[in-house]
1. Quick check on the stretch 59-78. Is at least one of its residues surrounded by 13 or more Cβ atoms within 10 Å (Cβ to Cβ), in a helix (DSSP H, G or I) and not hydrophobic (A, V, I, L, M, F, W, C)?
2. Among the residues of the stretch 98-138, which ones are at pLDDT below 95 and closer than 27 Å to residue 73 by Cβ?
3. Which numbered condition in (1) in contact with a helix residue (DSSP H, G or I) (Cβ under 6 Å, 6 or more places away or on another chain); (2) more than 27 Å from residue 142 (Cβ to Cβ) is the only one that residue 79 fails?
4. So residue 46 clears everything in (1) at pLDDT below 90; (2) surrounded by 12 or more Cβ atoms within 10 Å (Cβ to Cβ); (3) of a type in the set (Phe, Trp, Tyr) except one condition, right? Which one?
5. Looking at (1) in the same structural domain as residue 34 (by TED's automatic domain parsing); (2) in contact with a Cys (Cβ under 9 Å, 6 or more places away or on another chain), which one does residue 65 not meet, given that it meets all the others?
6. Going through the stretch 12-27 one residue at a time, which ones are among the hydrophobic types (A, V, I, L, M, F, W, C) and closer than 19 Å to residue 52 by Cα?
7. Of all residues in the stretch 91-138, which are closer than 20 Å to residue 64 by Cα and surrounded by fewer than 13 Cβ atoms within 10 Å (Cβ to Cβ)?
Amino acid sequence: MRKNNALDEMQELELLKIEHNGCWIAFWGLLIALAVQSAAFGNTDFRTLAGEWVVFMVLAVYLAVACMRRGIWDRRIPMNTRSNLTLSAAAAAALGGLIAITVFRSCRKLSVTAAAALIAASVTFGLCFAALTLAMKKTAKRIRQLEEEPSDADER
């Protein structure tokens, strides 16, 4: 069914770079679209955001699982607890801010807004840190497994 590849190695590499960039544009674009629709427009009805949310989550889960299965963590971020704490804090701050904007727009009370943002940020930090720590351990285990497997060159 599959036709022969008409691309040479350089074109294939360029196509992979284009697809890579397109994937990340879609990922961050969906996240930004969800945040803007939720906070800026006050759209909290999940039914109107469900399509984008499903696509975003499928893409996020696919990227995470595919990278873990291949023993890849990240190009720039080291695989350690400090990075997990930093990333979790960034996610908590972003969601806390988003929740603060959304809640303040609806009730206009600072105490309620602060409480909602703090609770959302705390829960997000805990869940994100737990997920990153679990993913880090799974990835480290997979890296050890891949390093232990004999390569094709060793078998010859």
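1. No: the stretch 59-78 contains no residue that is surrounded by 13 or more Cβ atoms within 10 Å (Cβ to Cβ), in a helix (DSSP H, G or I) and not hydrophobic (A, V, I, L, M, F, W, C).
2. 98
3. Only one criterion in (1) in contact with a helix residue (DSSP H, G or I) (Cβ under 6 Å, 6 or more places away or on another chain); (2) more than 27 Å from residue 142 (Cβ to Cβ) is unmet by residue 79, namely (2).
4. In the conditions (1) at pLDDT below 90; (2) surrounded by 12 or more Cβ atoms within 10 Å (Cβ to Cβ); (3) of a type in the set (Phe, Trp, Tyr), residue 46 misses (2) alone.
5. Here residue 65 clears every test but (2).
6. Across the stretch 12-27, the qualifying residues are 23, 24, 25, 26, 27.
7. 126, 130, 134, 137
Let's see how each residue does on (1) touching a strand residue (DSSP E or B) at 6+ places or on another chain (Cβ under 6 Å); (2) within 18 Å of residue 38 (Cα to Cα); (3) aromatic (Phe, Trp, Tyr):
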{"position": "66", "(1), (2), (3)": "no, no, no"}
{"position": "73", "(1), (2), (3)": "no, no, yes"}
{"position": "93", "(1), (2), (3)": "no, yes, no"}
{"position": "98", "(1), (2), (3)": "no, yes, no"}
{"position": "104", "(1), (2), (3)": "no, yes, yes"}
{"position": "115", "(1), (2), (3)": "no, no, no"}
{"position": "121", "(1), (2), (3)": "no, yes, no"}
{"position": "125", "(1), (2), (3)": "no, no, yes"}
{"position": "131", "(1), (2), (3)": "no, no, no"}
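The values are calculated or read from the model by the stated rules, or taken from the named source; none is laboratory data. Remember, it's a predicted structure, so these values are computed and weren't measured experimentally. No Cβ is skipped: glycine too gets one built from the backbone with ideal geometry, and neighbour counts run over all protein chains shown.
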